[in-house]
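I have placed the structure first, in the form of structure tokens, so that the comments after it can refer back to it.
The values are calculated or read from the model by the stated rules, or taken from the named source; none is laboratory data. From a predicted model like this one, the values you see are computed outputs, not experimental measurements. Every residue, glycine as well, gets a Cβ built from its backbone with ideal geometry; the counts of neighbours run over all protein chains shown. Ligands, DNA and RNA are excluded from the accessible area calculation, which covers all protein heavy atoms including side chains. Shrake-Rupley method; radii C 1.70, N 1.55, O 1.52, S 1.80 Å.
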Amino acid sequence: MIAHTDIPDDDQTPLPSYYECPDTYHPAPDDPPAVFLAGGITGVENWQESATVALADFNVIVLNPRRRHFPIDDPGQTPIQIQWEHRYLHLPSVLTMFWFPPGSVQPIAMFELGAALDNPARRLIVGADPDYPRIEDVRWQTRLARPDTTVFSTLTETLAATQAQLSQHRNG
């Protein structure tokens, strides 16, 4: 587990348990809920850091595929990255929060969203910035697969929905 030392902790709020690729997380029965931060990585802002801060008060396991230092020149890291994401995206109890920021199409995230939408057992929250280049694809794919799922327009709304679902999950 990586201690996320660059996240401000002004009010001494405990940070969530934080796992970043390629860290290994072994779920245990008494663990708090886990949230996978799915969505854009390459060519977009580091929205995962803001999401981690926003989830700090919720006593959750944060699974972040975005590495602080990805060794882009090492082709051996690609299968490690893909296997890590696949493993944690498919944990049975994980809540997957998708965020599609502007700046890049993010085809892998779109592929992951399609797979998640097709599994009715998967709990997910979906958000896409209005300037995301394929926002209509996200809206339509979500609408067709899960008509009752809202696609949120801001990271703040997406995080609020994630927090609400975490609270619901805790309260039964």
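For this structure, a couple of remarks:
- Residues in the stretch 127-157 that are within 16 Å of the chain's Cα centre (by Cα) and of a type in the set (Gly, Ala, Ser) were compared, and the one that is nearest to Ala116 (Cα to Cα) is Gly127.
- Restricting the first member to the stretch 113-139 and to residues that are closer than 15 Å to Gln165 by Cβ, and the second to residues that are of a type in the set (Asp, Glu) and surrounded by fewer than 21 Cβ atoms within 10 Å (Cβ to Cβ), the beta-carbon pairs closer than 7 Å and six or more apart or on different chains are Gly127/Glu157.
- Residues within the stretch 150-172 that are within 10 Å of Val126 (Cβ to Cβ) and out of contact with any strand residue (DSSP E or B) (no Cβ under 6 Å at 6 or more places or on another chain), tallied: 1
- All positions within the stretch 15-33 that are of a type in the set (A, V, I, L, M) and either open to solvent by less than 10 Å² (accessible area, probe 1.4 Å) or free of Cβ contacts under 8 Å to residues at least 12 places away in the same chain (or both): Ala28
- Only one entry in Ile72, Ile82 is surrounded by 13 or more Cβ atoms within 10 Å (Cβ to Cβ), β-branched (Val, Ile, Thr) and over 11 Å from the mean Cα position of the chain (by Cα), namely Ile82.
- Residues in the stretch 35-61 that are part of a helix (DSSP H, G or I) and out of contact with any Pro (no Cβ under 9 Å at 6 or more places or on another chain) were compared, and the one that is least open to solvent (accessible area, probe 1.4 Å) is Ala51.
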